[in-house]
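Report on the structure given below.
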Amino acid sequence: MEIKEHFLNNVKTAELISGKILLHTVEDAIDLIGNLSYLGFDKIILYEKNITPEFFNLKNKMAGEILQKFAQYQMALTIVGEFSKFDSKSLNDFIFESNKGKQINFVANITITTENNEPLTRVLR
């Protein structure tokens with residue numbers, strides 16, 4: 001796993017880059033939060049491909065349990081991915097409600113500004 005450090009709106013943000021699933025369980029979430037908090041990060045950018053597919057099945061309550069940990073430990077989270085592939089009205093509603101707040105957000109892409117104020121866009125397709 002590679003951690004790319006960004007300062008977004010003066011918030012130290014960790015963008016996690018990996019070819020593997022990083023988030024399988026609630027314990028994985030707690031470990032990520034603890035380790036990245038220890039390193040001084042206040043926000044995490046995580047890609048949908050790095051989260052177990054079971055997370056997106058709301059019937060098993062995994063998403064709620066994991067996201068509750070991010071809220072509880074006050075670690076902001078942005079999940080970047082293509083969520084329209086999940087044919088679930090409840091998941092779409094969950095994403096819509098989450099995006100109303102500032103703590104947990106689901107986005108299709110992110111734009112990060114480099115030190116020279118040049119946009120660096122990452123898009124999943």
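Here, each number is a calculation from the coordinates, and none is a lab measurement. Just so it is clear, the model here is predicted, and its values are computed rather than measured. Every residue, glycine among them, receives a Cβ derived from its backbone with ideal geometry; neighbour counts consider all protein chains shown.
Cut-off is 10 Å between beta-carbons; in what order do 96, 106 appear when sorted fewest neighbours first? Intermediate results must be reported in sequence, preceding the final value.
Details: 96 10, 106 18.
The most exposed by this proxy come first: 96, 106.
Which value, in debye to the nearest 20, describes the size of the charge dipole of the chain about its Cα centre when Lys and Arg Cβ atoms bear +1, Asp and Glu Cβ atoms bear -1, and nothing else is charged?
240
With runs of 4+ DSSP H residues as the only contributors, calculate the mean residue ellipticity of the chain at 222 nm using -39,500 (n - 2.57) per run, divided by the residue total and rounded to the nearest 500. Mind dumping the intermediate values first?
Working: 3 runs with 34 residues, N = 125.
It comes out at -8500 deg cm²/dmol, rounded to the nearest 500.
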Item to check | Long pairs among 12/102; 12/85; 43/100; 43/102; 43/85, criterion Cα-Cα beyond 19 Å | outcome: 12/85; 43/85
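Arrange the following residues from fewest to most other Cβ atoms within 10 Å of their Cβ: 11, 80. Walk me through the numbers on the way to the answer.
On the way: 11 11, 80 21.
Ascending Cβ contact count within 10 Å gives the list 11, 80.
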Checklist entry - Under a point spin-label approximation (7 Å from Cα along Cα-to-Cβ), what is the residue 86-residue 61 distance to one decimal in nm? => result 1.7
Item to check | Cα radius of gyration and Dmax for segment 67-114 (Å) | outcome: 11.8, 36
Item to check | GNM result for the chain, Cα springs below 10 Å: residue of 17, 33, 79 fluctuating most strongly | outcome: 17
Next on the checklist: Based on C-alpha coordinates, I'd like the Rg and Dmax of the chain, in Å.
Outcome noted: 14.0, 45
Checklist outcome for this item: Residues whose modelled amide H sits under 5 Å from the amide H of residue 105, counting only those 5 or more places away in sequence or on another chain, are 77, 78, 79
Item to check | Gaussian network model of the chain, springs between alpha carbon atoms under 10 Å - residue of 84, 37, 98 with greatest fluctuation | outcome: 84
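Length gain on complete extension for the stretch residue 72 to residue 17, per 0.36 nm per residue less the alpha carbon to alpha carbon distance?
Numbers: separation 55, 0.36 × 55 = 19.80 nm, distance 2.41 nm.
That works out to 17.4 nm of additional length.
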